[in-house]
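Student: Right, I'll just put the structure down here and ask away after.
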Amino acid sequence: MGSGLSVQSFTLGPFATNCYIVREQGASECFIVDASFESEEIVAALGREKLTPKALLLTHAHADHIAGVGTILRAFPGLPVWIHSAEEGWLLDPEANLSALGGMPVTAPPADRTLHDGENLDLPGGTWRVLHTPGHSPGGITLWNKERGVAFVGDAIFAGSIGRTDFPGCSFQQLERSIREKIYALPGETRCYPGHGPATTVNKERMSNPYVRS
Ligand SMILES: [Zn+2]
Ligand SMILES: [Zn+2]
């Protein structure tokens with residue numbers, strides 16, 4: 001973890017999806033990364049610690065990352081929701097966000113802003129750059145804070161694994177390119193917080209990830 005940056009992780013719902021609350025240590029302003037099923041837990045933590053979320057960022061729009069957007073918005077009306085432009089429509093489309101497959105259609109309120117590759121976002125913790133890292137899904141993003149040495153990588157890469165590419169809209173070739181050209185290109189000590197499983201570092205995955213060699 002970058003010094004002075006607080007990253008609280010919550011592993012929620014039937015797919016054990018990681019959601020994060022990010023802020024300067026001791027500060028009350030924060031932002032949220034992804035909102036899974038059972039996001040009541042995130043709302044409770046925000047209330048308990050008297051935190052004020054400034055934005056909800058979605059790494060991509062698969063159901064297990066967006067199912068709790070409504071829950072969070074009910075607790076924090078008007079909280080801006082941001083997602084990559086390629087998956088804006090998936091929030092309202094259970095076929096696209098894969099929830100129709102499981103027979104429990106999930107939709108989320110529309111996004112307030114769409115994100116694009118290379119954009120810099122001014123949020124708690126400093127400047128967060130949007131890196132478009134498609135492959136697991138067409139609008140997957142990585143949020144990278146250079147100064148803090150931290151990246152939220154969504155379902156692009158996991159500790160010792162990579163995101164699934166057997167769903168509609170997935171492409172292994174595209175994911176491989178995203179990982180090689182965007183994620184492996186980050187400084188080696190960058191700490192990566194994925195959508196599932198434990199955190200890892202760019203170095204560790206470059207050296208040992210069996211799916212995408214550097
Ligand atoms: Zn996913
Ligand atoms: Zn996921």
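Student: Between Thr52 and Ser9, what length comes free when the chain is fully extended (0.36 nm per residue of separation minus the Cα-Cα distance, one decimal in nm)?
Tutor: Full extension from Thr52 to Ser9 adds 13.8 nm.
Student: Another question, if that's okay. For the chain, what class follows from the C-alpha gyration tensor (a ≥ b ≥ c being the square roots of its eigenvalues): rounded when a/c is under 1.5, otherwise prolate if a/b is larger than b/c, else oblate?
Tutor: oblate
Student: Would you be so kind as to identify which of Tyr184, Ala96, Pro134 lies farthest towards the positive end of the dipole of the chain, taking Lys and Arg as +1 and Asp and Glu as -1 on Cβ and the Cα centre as origin?
Tutor: The one lying farthest along the dipole's positive direction is Tyr184.
Student: Over the chain, what is the relative contact order in percent, taking alpha-carbon pairs closer than 8 angstrom and at least six residues apart?
Tutor: About 16 percent, as a whole number.
Student: Running a GNM on the chain with Cα contacts under 10 Å, which residue among Pro109, Pro138, Pro14 ends up with the highest mean-square fluctuation?
Tutor: Pro14
Student: Another question, then. Looking at this model, which pairs from Lys50/Lys182; Lys54/Lys182; Lys54/Lys204 are more than 28 angstrom apart at the alpha-carbon?
Tutor: Cα-Cα > 28 Å for Lys50/Lys182; Lys54/Lys204; rest within.
Student: Same structure, new question: Rounding to the nearest 20 debye, state how big the charge dipole of the range 5-208 is about its Cα centre with +1 on each Lys and Arg Cβ and -1 on each Asp and Glu Cβ.
Tutor: Dipole about the Cα centre, nearest 20: 500 debye.
Student: What does the C-alpha gyration tensor say about the overall shape of the range 66-162? Classify as rounded when a/c is under 1.5, otherwise prolate if a/b is larger than b/c, or oblate.
Tutor: oblate
Student: Report the residue, chosen from Asp112, Asp155, Asp64, that carries the largest GNM mean-square fluctuation when the chain is represented by alpha-carbon nodes joined by springs under 10 Å.
Tutor: Asp112
Student: Also: What is the packing order of peptides 21-29, 123-131, taking the mean over residues of other C-beta atoms within 10 Å and listing the highest first?
Tutor: Result, highest mean first: 123-131, 21-29.
Student: Within the set of other residues whose C-beta is less than 12 Å from the C-beta of Asn209, count the net charge using Lys and Arg as +1 and Asp and Glu as -1.
Tutor: Local net charge: +2.
Student: Quick one: Cα centre-to-centre distance for the range 1-36 and the range 102-134, in angstrom?
Tutor: Measuring centre to centre over Cα atoms gives 15 Å.
Student: Further question: Between the range 186-214 and the range 140-161, what is the C-alpha centre distance in whole Å?
Tutor: Centre-to-centre (Cα) distance: 8 Å.
No lab work stands behind these numbers, since they all come straight from the coordinates. All values derive from a computational prediction rather than experimental measurement. Every residue, glycine among them, receives a Cβ derived from its backbone with ideal geometry; neighbour counts consider all protein chains shown.
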